[in-house]
């Protein structure tokens, strides 16, 4: 009870990299730069894919969802992170921490499942091209997105509730720059084996199961691509799938390192840097990865920039 009252009234002190103030200043600049790239890049992808009728396909529907998710994901984290890195008072209220934890886990789980859905879309497009639009109809795409968001919400509610119910005995020093689940578990003053096993079990469902499905899908995709007689078709398929695989590798690599190690053996600083990687750097690189190897998206972005340039010229002429 004392701990609960204390946490509710005073919240938590986020230690971040307090022992290395110069590192915090450097990181704050890096985080700001990558956040700006994330905002501009993902917003451009959403607008370009909405305005260009050629991109009104299931693949770009899911890509828009990924871009929107990345915008929400980083915006949930970065403002508080920058306050923590720059400000003299590295604190967050109990309510603020609870909200951040739930939303953070929810959006992170969505990305795991959404990447699996995108791999199924690529599998259908390449392995069953004649039936692609019939199978991946708008109704099914919408149903998949609703299921992804709903399952992820349930996962977040279970894991975060278990974590927040752990007694902390007045411990309010959180060795992180945000309210992340592993950091919250570490400040508990009781045996956390049951919670850690729950995290590991649900991690297998939310992380490893989608990853296995992705790898199986790409096994079939690789087999289909090798059978293609057209070199242009092979190149296009490899570019599209290569972009998705790059994103999958970066995101899942960091997630598995942080959440699926028995006993959570990641060191404190390593965990913080990996959190930075998959919450800040990966969302900023996603637009670049999908754009650089996708001619249709490049053309759509050029049209978007051209439209913007024409509107600027019109305004200047009116003046």
Relative contact order in percent for the chain (Cα pairs under 8 Å, 6+ apart) equals 27
In degrees between 0 and 90, to the nearest 10, how far off the longest principal axis of the chain does helix 209-227 point, with axes built from Cα atoms?
-> 20
Listing 106, 149 by rising number of other beta-carbon atoms within 10 angstrom, fewest first, gives 149, 106
Cα-based convex hull, the chain, per residue volume (Å³, whole number) | 161
Taking only Cα atoms, what is the 0 to 90° angle, nearest 10, from helix 58-86's long axis to the longest principal axis of the chain?
-> 30
Measure nothing but the geometry: give the 0 to 90° angle between the long axis through the Cα atoms of 282-292 and the longest principal axis through the Cα atoms of the chain, rounded to 10°.
-> 10
Kindly rank 193-201, 224-232 from highest to lowest mean number of other beta carbons found within 10 Å of each residue.
-> 193-201, 224-232
Tell me, Kirkwood radius of segment 76-208 from alpha-carbon pair distances, in Å?
-> 17.0
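Taken together, the values in this text are just the output of simple stated rules run on the coordinates, not laboratory data. This is a predicted model, so every value here is computed, not measured. Using ideal geometry, Cβ is built from the backbone for each residue, glycine included, and neighbour counts are taken over all protein chains shown.
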